[in-house]
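The values are calculated or read from the model by the stated rules, or taken from the named source; none is laboratory data. Worth saying up front: this structure is predicted, and the values here are computed from it rather than measured. Quick reminder, even Gly has a Cβ in these numbers, built from the backbone with ideal geometry, and neighbours come from all protein chains shown.
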Amino acid sequence: MKRIYLDNAATTPILDEVIDAMMTVMKTNFGNPSSTHSLGQEAKMILEENRRLIAQELHVSPAEIIFTSCGTEANNLIIKSAVENLEIKRIITTEIEHKCVYETVLDVQQKSSIEVVYLQVNKKGDVDLDELENVLKTSDKTTLVSLMHANNEIGNLLDLEKTAKICKDNQAYFHSDTVQTMAHLKLDFSQIPIDFASCSAHKFHGPKGAGFAYIRKSTHLKAQIHGGTQERSLRAGTENVVGIAGLGKAFEFSVEKMAEFSEYIQGIKDYAIEQLTKNIPGILFNGRSAEKEKSLYTLLSISLPSMNPLIGLQLDMKGIAVSQGSACSSGAAKPSSVLSKILPEQVQQTTTPLRISFSHQTSKNDIDQLVNALREILGL
Ligand code: PLP
């Protein structure tokens, strides 16, 4: 059975060239980057070359890229350290952030006396930037705003530039979880007054276990993991040189191919919208998912016109991998926390949500097979 992978927002297959780059490092550069001998320094060079490559693309200084084990760690480092070291007294965020932001905010709130303000999100999943501005103006408490760039369940995009400007004009720090958009959309942080962002290599054909936090130099965060002075004392622990080599290779590849791939993948998404609409009467597209420019081109969130909690399993048995909600919630009985916030109760009780997510390896034939399988399962 040919397997069809349509869950690229959960993770992406590693590219052969990424595996090759990692194998070379694994075989020849086993030194500890903190060692002063030449084997150690060769490993150190690999770290610094990849840091430079990423920094150049984002138009930031290499010192502002701090390698971490994943996007979750990067977001934890940023939020926890900002609260501890920047005298943050208030966090403004939403209830539809990824769990690694949402839960971290709850954790810091429990451990300190900071105020947390959740911005309203409408039925389309939009964050109201006028509300953000109004809330910022209500108090002069030192504030961290944390709003994700692209929602991992519905794909809605935030206007990063506008949001960053509102934060800057109101003297607030701005963090964006950019895990779904790094290496998928062009990001130039010399033009966007953002303080913190995050990245995870496995979202763009790199390895799991490698990511980074972008931390603007002037913000003076401090480590959450203590020990040695690695990563400019912001993240102790011997660096994952092999993983970072893979991260760098995947980043370089994705950025080089961004124009070509984004056009191709948007074409696949358009085709999926067209075929699903034509073949599944009553299908709904969640949030801004089906709207160009307003949603990420790699992701489509749908609600099928009947309740069937087993649909993910039934598709899996036909060799098709998609997500019911998001990877984090797909195994859970509870509905996705994002969809339960934005979909009307009646829709939640009569439909089945699915997240379909694409990569440059997805073909129109994959979409045809998905549509056929869905029609079969739905008895159409
Ligand atoms: N933030 C977003 C928006 C995500 O989609 C994910 C992964 O699903 C993460 C953070 C966590 O990244 P990681 O899997 O590298 O911990």
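Do you know which residues across the stretch 151-167 are within 16 Å of the ligand (Cβ to nearest atom) and of a type in the set (D, E, K, R)? GLU153 - this is the single residue of the stretch 151-167 that is within 16 Å of the ligand (Cβ to nearest atom) and of a type in the set (D, E, K, R).
Considering ALA213, ALA272, the condition of being more than 16 Å from the ligand (Cβ to nearest atom) and either outside the structural domain of ASN152 (by TED's automatic domain parsing) or more than 29 Å from ASP368 (Cβ to Cβ) (or both) is satisfied by ALA272 alone. For the stretch 25-50, a tally of residues being free of Cβ contacts under 8 Å to residues at least 60 places away in the same chain and assigned to a helix (DSSP H, G or I) returns 10. Residues in the stretch 198-214 that are hydroxyl-bearing (Ser, Thr, Tyr) and closer than 20 Å to VAL25 by Cα: SER200 alone. Residues in the stretch 34-81 that are closer than 20 Å to VAL255 by Cα and among the aliphatic types (A, V, I, L, M): ILE46, LEU47, LEU53, ILE54, ALA55, LEU58, VAL60, ILE65, ILE66. Scanning the stretch 216-233 finds one or more residues that are in a loop (DSSP other than H, G, I, E, B) and closer than 19 Å to LEU160 by Cα. Can GLY243 be described as closer than 18 Å to ASN8 by Cβ and modelled with pLDDT of 95 or more? Judged against the criteria, GLY243 is not a match. Of all the criteria given as (1) within 30 Å of LEU300 (Cβ to Cβ); (2) within 17 Å of the chain's Cα centre (by Cα), the one not satisfied by ILE4 is (2).
For the stretch 116-150, which positions are in contact with a Phe, Trp or Tyr (Cβ under 9 Å, 6 or more places away or on another chain), within 16 Å of the ligand (Cβ to nearest atom) and not in a strand (DSSP E or B)? Answer for the stretch 116-150, where residues must be in contact with a Phe, Trp or Tyr (Cβ under 9 Å, 6 or more places away or on another chain), within 16 Å of the ligand (Cβ to nearest atom) and not in a strand (DSSP E or B): just LEU147. Name, by its number, the condition in (1) of a type outside the set (Lys, Arg); (2) surrounded by fewer than 20 Cβ atoms within 10 Å (Cβ to Cβ); (3) not assigned by TED's automatic domain parsing to the domain that holds ILE46 that does not hold for ILE265. The one condition ILE265 does not meet is (2). Tallying residues that are hydroxyl-bearing (Ser, Thr, Tyr) and more than 11 Å from the ligand (Cβ to nearest atom) within the stretch 83-110 yields 2. When the residues of the stretch 168-197 are narrowed to those that are surrounded by fewer than 24 Cβ atoms within 10 Å (Cβ to Cβ) and not in a loop (DSSP other than H, G, I, E, B), which ends up farthest from the ligand (Cβ to nearest atom)? Looking at residues that are surrounded by fewer than 24 Cβ atoms within 10 Å (Cβ to Cβ) and not in a loop (DSSP other than H, G, I, E, B), I get ASP169. If you check GLY228, GLY248, GLY206 for being over 24 Å from THR143 (Cα atoms) and within 15 Å of the ligand (Cβ to nearest atom), only one passes: GLY206. Considering the stretch 81-107, the residues that are assigned to a helix (DSSP H, G or I) and in contact with a helix residue (DSSP H, G or I) (Cβ under 6 Å, 6 or more places away or on another chain) include one that is surrounded by the most Cβ atoms within 10 Å (Cβ to Cβ), namely VAL101. Among residues of the stretch 175-191 that are under 14 Å from LEU53 (Cα atoms), those with a beta-carbon under 6 Å from a residue that is within 16 Å of the ligand (Cβ to nearest atom) at least six positions away or on a different chain give the pairs MET182/CYS199; ALA183/PHE204; ALA183/PHE251; ALA183/SER254.
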